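Structure first, commentary second.
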């Protein structure tokens with residue numbers, strides 16, 4: 001496998017890095033202050049989005065845009081280094097219209113939306129005029145098994161009536177969030193548990209939709225929030241169904257594949273930043289007469305962090321290449337592997353860096369506490385570690401069962417007397 005980036009991607013990497021240095025990094029403090037003050041969207045966001053769009057750094061994530069849709073049309077493998085650069089600042093991907101959950105929703109609208117749905121919702125999302133949410137997880141069931149969801153979508157004359165409760169719905173508190181894609185059950189009694197669910201478009205201003213609270217993550221609020229939402233007799237037209245009734249589980253799997261790898265790409269960028277900060281701190285601080293990097297424990301942390309990042313990046317690139325060649329379904333084992341590996345790595349490297357910084361590392365004076373927090377949250381997002389590990393093990397067992405006796409020649413026969 002050749003993971004050398006093409007001249008086109010190298011040039012885009014240079015331009016994205018330059019944009020980050022010139023326009024995003026200088027505004028980190030202002031973004032923090034705006035979010036703390038409850039300003040949404042942050043005061044400079046629309047200006048930066050317009051600038052990124054004018055420079056052609058826009059919709060970098062979507063490889064299958066049509067000729068009349070604005071974007072860069074990169075493959076997943078080409079997008080990986082750019083997502084990593086954006087990931088160094090958690091909110092930066094929004095500037096380039098590459099942030100979750102909008103990216104996944106644009107994928108859904110692009111793959112399964114009707115022409116009318118694309119005009120109404122996909123076009124403004126691609127243009128960055130609105131933002132969106134994806135409502136699947138629920139407080140009363142283990143949503144790691146999507147067949148458990150309880151929200152009911154009932155057909156009545158020319159409408160669907162929605163009743164249920166969702167939570168940790170990212171972006172729902174964003175001032176520009178105008179629509180959500182909701183997953184609920186249209187046929188809860190179907191014998192096929194994977195055909196009970198459907199996805200439906202719900203405008204945020206629909207009567208009966210109530211944002212009950214914006215849930216903090218490790219006592220930290222993000223700009224778009226992670227909200228608990230109730231749906232009480234929410235009425236939307238039949239034309240708001242995505243795909244067809246019973247297609248929800250299939251669409252969720254199609255959506256989550258690219259979303260998971262995008263998270264991992266950005267996480268590697270955050271790990272690189274944490275390592276950079278750790279190395280810099282270790283060279284400028286002394287304890288017991290030696291620089292921190294001269295202490296064995298700290299030098300080992302630096303070395304292990306570099307090795308772990310390189311290993312994870314190679315697996316992410318391999319997975320991106322597989323998605324491009326065989327699709328997310330064909331790369332499902334690799335997607336599960338990176339999703340289990342990368343977020344945990346992020347918490348470990350951030351933890352080491354915080355330790356090197358001492359008390360400053362757990363303060364808002366560095367991004368390390370936020371990097372650790374988001375890494376920990378990602379161990380739930382798009383499926384908890386345990387689900388991915390279970391999937392990997394099941395696929396390994398299945399592959400072994402398909403080649404019985406393959407290892408027998410490697411076994412040493414017992415000695416005979």
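Take every pair of alpha-carbon atoms less than 8 Å apart whose residues are at least six positions apart; their mean separation over the length of segment 105-163 yields a relative contact order of 19 percent.
Considering only 205, 240, 163, the mean-square fluctuation computed in a Gaussian network model of the chain, springs between alpha carbons under 10 angstrom, is largest for 205. With each label modelled as a point 7 angstrom along the Cα→C-beta vector, the residue 2-residue 300 pair spans 4.1 nm.
Subtracting the Cα-Cα distance of residue 114 and residue 276 from their residue separation scaled by 0.36 nm leaves 53.7 nm. In this rough spin-label picture, where each label sits 7 Å from Cα along the Cβ direction, the residue 213-residue 15 distance is 4.5 nm. What separates the Cα centres of segment 277-331 and segment 189-256 is a distance of 36 Å.
What is the calculated FRET efficiency for residue 408 to residue 285, with r their C-beta to C-beta distance and R₀ = 56 Å, to the nearest 0.05? Efficiency computed from Cβ-Cβ geometry: 0.50.
Remark: relative contact order (segment 249-401) = 29 percent; criterion is Cα-Cα distance under 8 angstrom and separation of 6 or more residues. The structure shown yields Cα extents along the principal axes in Å, and of the options (1) 73, 63, 52; (2) 74, 50, 45; (3) 78, 77, 43 that calculated value carries the label (3).
What is the Cα radius of gyration of segment 67-226 over 2.2 N^0.38 Å, N being its residue count? Walk me through the intermediate numbers first.
Numbers: Rg = 16.7 Å, N = 160, 2.2 N^0.38 = 15.1 Å.
Output field value: 1.10.
Label separation (residue 148 vs residue 396): 2.4 nm, computed from points 7 Å beyond Cα along the C-beta direction.
Read-outs throughout are calculated quantities, based only on the coordinates presented, and are distinct from any laboratory measurement. Note that the coordinates shown come from a computational prediction; the quantities given were computed from them, not determined experimentally. Don't worry about glycine lacking a Cβ; one is built from the backbone with ideal geometry, like all the others, and counts go over all protein chains shown.
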